[in-house]
There are 2 protein chains.
Amino acid sequence: MTDPQRGRVSRRTLLMGGAGLAGVGIGAAAVGVAGQVSTPADAPGTGLVPFYGRRQAGVATAPQSHVQHIGLDLVDPGDVPTLQGVLNLWTQDASRLTQAGPSLSDTEPELARTASHLTVTVGVGDRVFRAPSLTALRPSWLKPLPPFSIDRLDPRWGQTDLLVSIGSDDPVTLAHATRMLTASVRRSVRVRWVQRGFRNSPGMASGTMRNLFGQVDGTVQPPSDGFDSLVWNDGREQSWLADGTSLVLRRIAMNMDTWEALDRHGRELSVGRTLDTGAPLTGTAEFDEPDFTASRGGITVIPESSHIARAHRRSEREQILRRAYNYDDPPEPGSADTSNSGLLFAAYQRDPVEQYLPIQARLAEHDDLNVWTTPIGSAVYAILPGATASRPLGTSLFEAAGGRSGGPRQK
Amino acid sequence: MTDPQRGRVSRRTLLMGGAGLAGVGIGAAAVGVAGQVSTPADAPGTGLVPFYGRRQAGVATAPQSHVQHIGLDLVDPGDVPTLQGVLNLWTQDASRLTQAGPSLSDTEPELARTASHLTVTVGVGDRVFRAPSLTALRPSWLKPLPPFSIDRLDPRWGQTDLLVSIGSDDPVTLAHATRMLTASVRRSVRVRWVQRGFRNSPGMASGTMRNLFGQVDGTVQPPSDGFDSLVWNDGREQSWLADGTSLVLRRIAMNMDTWEALDRHGRELSVGRTLDTGAPLTGTAEFDEPDFTASRGGITVIPESSHIARAHRRSEREQILRRAYNYDDPPEPGSADTSNSGLLFAAYQRDPVEQYLPIQARLAEHDDLNVWTTPIGSAVYAILPGATASRPLGTSLFEAAGGRSGGPRQK
């Protein structure tokens, strides 16, 4: 069981990902991994991640095998009571589903019997703050990213009013939760896109995840001792957002055909890490600190143009929580593409302008990997503070707007 | 480890599905389930299903969590040497990938390190037999199903020349195997569709799978003692097909909105089973024999128009191996649908005309469930006999056609 209220998540917990939950299985005892405890998979209601808490689950929670990021638009973006009703309903349903119980008006309660580390994480986009009562409450960073020369953005994967990210180790649980959380609010919101991602199944691979280029992906994460201030909002700018965070969600297409035409050495130089272990080219193990000054025959071992050299932080603030997933959708009908693959890159940080943008601007300027990767979707969300039974998602926002905290208008 | 060469698979093995493999996990000992033995998940190359054998794996193998049925068309359907080259390459690559090794020219060998019960199962469609040397070798049943009044078939999910069904408990393994098996033959074949299905993750739910209507789905299976003669081809009509089988793959859309408008009692009457346990309405447990004559107040307890009453076999031959998966794709862009869900219904049997068609004709004539379900895709394949290192997939077919068994033309 992972505790989302635990602000400090050890490096190991984060990096272990689903593998941190490997101790599941008949006869397997509960296994403690730094920062989390997993329960045996055959226990009733197996794999429960608390929903209620100061902070939402699904951010610092060890990544599950499957995720669906669902982008939704309000039918009437100015209708704040309806927004409040939607968030209230999601709170009630998610608090039940994540605990392996049926949602309020669950139509297939049998599919709600397992949670498999189900988490539901809710965010709001900038358009929501166009409502007069909310205008002054928009965090300054909640706006579209500036355009980058490498972008080939498809509006199909663009900014939406709301985001629900649903994660689980079980695809049936995920499908059911998706159905319950979208069908219940269909009169108030429209699903604009669903982005599905996956990682290895629990216990099937250890350590940092690999993307579909075969690279170890997500080695660099905030350190335990700076995690809270790097990831969670402190309420300094907008007090209602304390214990929330921000999400930058980028859909990055990866061209398998051209990547596979590159030899192994060329691939390793473009990333700056070995494919085998993910070690920097100057080291022998994944978590070795890269030495960007080391040279051989007058040439730096890790090319200055490589991904890790360009992504490496220039200041302590340039740190983000990476929680990426692979996607591999069928090629569009009639397309000659052999694959439709890539990465759902998700970066969580206190302030994306301060923390994420400098990294992204540098990568857009140059990153050897840009030859094979193309950003095709982009959106930024404020991830709301956590909920309790008496304070549903968004309560602090609506209180700040002068609304009532109880009895939101139901749809 | 499941042995695909084992012709007799116990009812329990089949019905347990992925749950039969639940004994995986750190510290879990190998667990024997009737007919199969699973290996601990943390062993290197975890979860290996033999590829070589008299019969292909992926039919009688306990269903994995994820499947991709990939329909492909030959660029030149009359080019038998190319077909032979494709099957030879698939044999070589699948024999490696399923054993947690890289494919022949694997471009991301790191993604091949786990197999997670990977199986690769290959079938051929009727058009392949239009080649003059193969015409006489077509099994008589290998042809499109007759049209049914309930069908709303979309050619997008129609018959293809070739089928590769890839199953695994790990979505990353599945994506990698899909990439390797399709990219390597891209000059000879074109992917026409990919149909992705899922069930519960290993260990997450026990017993027969549930579909997204919440119903227990697939209770009735061939008995152990009749399994071989019901499922595997005996070579009587086409000797080259001995130890092969047939697959009828139907894509069945399930209308969640209208189904969810029906009350629980109405749902149970339409199926003839309880939603809770899947027991027939005349019984208390899933595998109780339904009593179609039992009545209460002059009305049969299981309606004659219910799914199980209509599907129930009228003769011993009307038995098929059901190996269905759920699908839940994002609604089409711009669509007002709230879900795009259904069932990838897969029926394996010695002879679909004799075994599957009578059941299907009866269901098409009337099945209460037809109100909420719509067949939108249909295809029939001959699943080839198994391969060995010296006899790649299709060898018996090409031998019967008078071709050489060795040295097929490579692309």
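Observations, loosely collected:
- Average Cα contact separation per residue, region A:73-190, under 8 Å, 6 or more apart, as relative contact order %: 37 percent
- Spin-label model, B:R264 to A:R391: label points 7 Å out along the Cα-to-beta-carbon direction sit 3.5 nm apart.
- For B:P132, inter-copy label distances in nm, listed shortest first [label point 7 Å out on the Cα-Cβ vector]: 8.3
- Relative to its residue count, chain A spans a Cα convex hull of 140 Å³ per residue.
- Calculated from backbone phi, Karplus (6.51, -1.76, 1.60) coupling profile of region B:85-101 in Hz, x at Gly/Pro: x, 4, 5, 5, 5, 4, 4, 5, 6, 5, 5, 7, 4, 5, 9, 6, x
- Distance between modelled label sites at B:S315 and B:L104, nm, 7 Å Cα→Cβ extension: 4.5 nm
- Residues in region B:376-393 carry Karplus couplings, in order, of 10, x, 7, 7, 10, 10, 8, 7, 5, x, x, 10, 10, 4, 8, 10, x, 3 Hz; the curve used is 6.51 cos²θ - 1.76 cosθ + 1.60 with θ = phi - 60°, and Gly or Pro positions show x.
- Counted residue by residue at 0.36 nm each, then reduced by the alpha carbon distance between them, the extension gain from A:H366 to A:S140 reaches 78.6 nm.
- Here region A:256-389 carries DSSP beta bridges of which approximately 100% are antiparallel, counting only pairs with both residues inside.
- Residue-averaged [θ]222 nm for chain B, counting only DSSP H segments that reach four residues, each worth -39500 (n - 2.57): -5000 deg cm²/dmol
- Relative packing of A:343-356, A:273-286, which averages over residues the other C-beta atoms within 10 Å, highest first: A:343-356, A:273-286
- The protein assembly as shown shape via C-alpha gyration tensor axes, a/c threshold 1.5: oblate
- Karplus-derived 3J(HN,Hα), 6.51/-1.76/1.60, for each residue of region A:313-322, Hz, glycine and proline x: 5, 9, 8, 5, 6, 6, 10, 9, 8, 8
- Inter-site label distance for B:I150 and A:D76 at 7 Å from Cα along Cβ, in nm: 4.2 nm
- Other-chain or far-sequence residues with amide H under 5 Å of A:R192's (modelled H): A:G71, A:L72, A:D73
- Relative contact order of chain B, pairs being alpha-carbon contacts under 8 Å that are 6 or more residues apart, as %: 23 percent
Throughout, read-outs are computed from the coordinates displayed, never taken from laboratory work. It should be emphasised that the depicted structure is a prediction, and the values quoted were computed from it without experimental measurement. Virtual Cβ from ideal backbone geometry, glycine too; neighbours counted across all protein chains shown.
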